[in-house]
Amino acid sequence: MPISTVIAPGELRELTQKWRKEGKKLAFVPTMGALHAGHISLVEEARKRADIVIVSIFVNPMQFGPNEDFGSYPRMLVQDIARLEASHVDVLFAPNAADMYPEGFQTVVSNSEMSDILCGRFRPGHFSGVLTVVNKLFNLVQPNYAIFGKKDYQQFTLISKMVKDLCMDLEVIGHPTLRESDGLAMSSRNLRLSPQEREEAAQIHRAMQSVAAVHKKGEVDREKLEHQFQDELAKVPGFRFEYAEIREQGTLNAFGKTIDKPAVILVAAHLGSVRLIDNLEFG
Ligand code: AMP
């Protein structure tokens, strides 16, 4: 059946209200489009949990800085619609920026602790943009479940915290990262890597795996493990690091000298003009 595409926020609200009145469970997958198998794995998770699956595609201007890739972010709505149809999504919400941020828009959602670390340190305002748009989307859809990828670990953690802190009535589900056969995390931005960069990019996952392996053998010194990771990637000429840090799973609290709780290594690096992020839970 052809997927129905809704552009007007009011129309989406009417649809989801009707489904809720009928007693249907709703699962929601927010995206920025240029869909790949990672996104579709979230859709499949949504389908397992609910009667109705709603996907949004919105390249949210509020979460891009002035020198970031808002203009060049891949947009391919026709292919995306075909993929969503093949995955039996019930409705695609693809709003316009003017409808999401009408003139006079003033209210934002922010987190006082976790938005300035890791990606937030390099992308000021980014997570306010994310939390604000996700909050708006949640209010329009009012889903029972919202599915997010752990690929964007900090985003997933911040959204889970927002839902808890603001007593929102839905469950946030974190879904594992889908990877290419060489370990590179699937990402819409991979489309912009040159063939050589694409090959080099797989080193990120290899270096994270070797950190996890060395930790498993007994190394608990945080700095040593972080340096091991950085040294391994420094061998690849194209990489320019933003950060590579080991933090506590779930809270993203910093470790002192010793890794004594379940951990996650998080990395952001530029390869050519493309900014890649990835992470791996271990311990
Ligand atoms: P994006 O379109 O990049 O905003 O991503 C939309 C959702 O898909 C987010 O929850 C991402 O974390 C998730 N996602 C992106 N890449 C992957 C991946 N490789 N595996 C699983 N989920 C992903």
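See the values below:
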{"quantity": "Chymotrypsin sites (Phe, Trp or Tyr not before Pro) restricted to DSSP loop in segment 155-254 with at most 13 other C-beta within 10 Å", "calculated": "none"}
{"quantity": "Euclidean distance of C-alpha centroids, segment 206-253 and segment 1-49, integer Å", "calculated": "37 Å"}
{"quantity": "Distance from segment 61-105 to segment 138-193 (C-alpha centre basis), Å", "calculated": "16 Å"}
{"quantity": "Tensor-based shape of segment 162-216 (alpha-carbon gyration tensor, a/c under 1.5 rounded, otherwise prolate or oblate)", "calculated": "oblate"}
{"quantity": "Within straight-line cross-link reach of Lys261, lysines at Cα separation under 16 Å, skipping those fewer than 8 residues along the same chain", "calculated": "Lys216, Lys217"}
{"quantity": "Segment Tyr101-Lys164, length gained on full extension (0.36 nm per residue, minus Cα span)", "calculated": "20.2 nm"}
{"quantity": "Shape call, segment 36-133: gyration tensor on alpha carbons, a/c limit 1.5", "calculated": "prolate"}
{"quantity": "The chain: DSSP helices with Cα axial extent of at least 24 Å and average Kyte-Doolittle hydropathy no lower than 1.0", "calculated": "none"}
{"quantity": "Value of [θ]222 nm, deg cm²/dmol, for the chain, DSSP H segments ≥ 4, -39500 (n - 2.57) each, nearest 500", "calculated": "-11500 deg cm²/dmol"}
{"quantity": "Pairwise FRET efficiency - Lys261 versus Asn139, Cβ, R0 = 25 Å, nearest 0.05", "calculated": "0.10"}
{"quantity": "Computed over the chain, the ratio Rg/Rh where both radii use C-alpha atoms and Rh is Kirkwood", "calculated": "0.97"}
{"quantity": "Separation of the Arg179 and Arg240 label points, Cα + 7 Å toward Cβ, nm", "calculated": "2.7 nm"}
{"quantity": "For segment 207-253: rounded, prolate or oblate by the Cα gyration tensor [a/c cutoff 1.5]", "calculated": "oblate"}
{"quantity": "Alpha-carbon Debye profile of segment 1-81, log10 I(q)/I(0) at 0.12, 0.13, 0.17 Å⁻¹", "calculated": "-0.43, -0.50, -0.81"}
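No value in this document is a laboratory result; all are computed from the given coordinates. Since the model is a prediction, treat every value here as computed from it, not as a measurement. Every residue, glycine among them, receives a Cβ derived from its backbone with ideal geometry; neighbour counts consider all protein chains shown.
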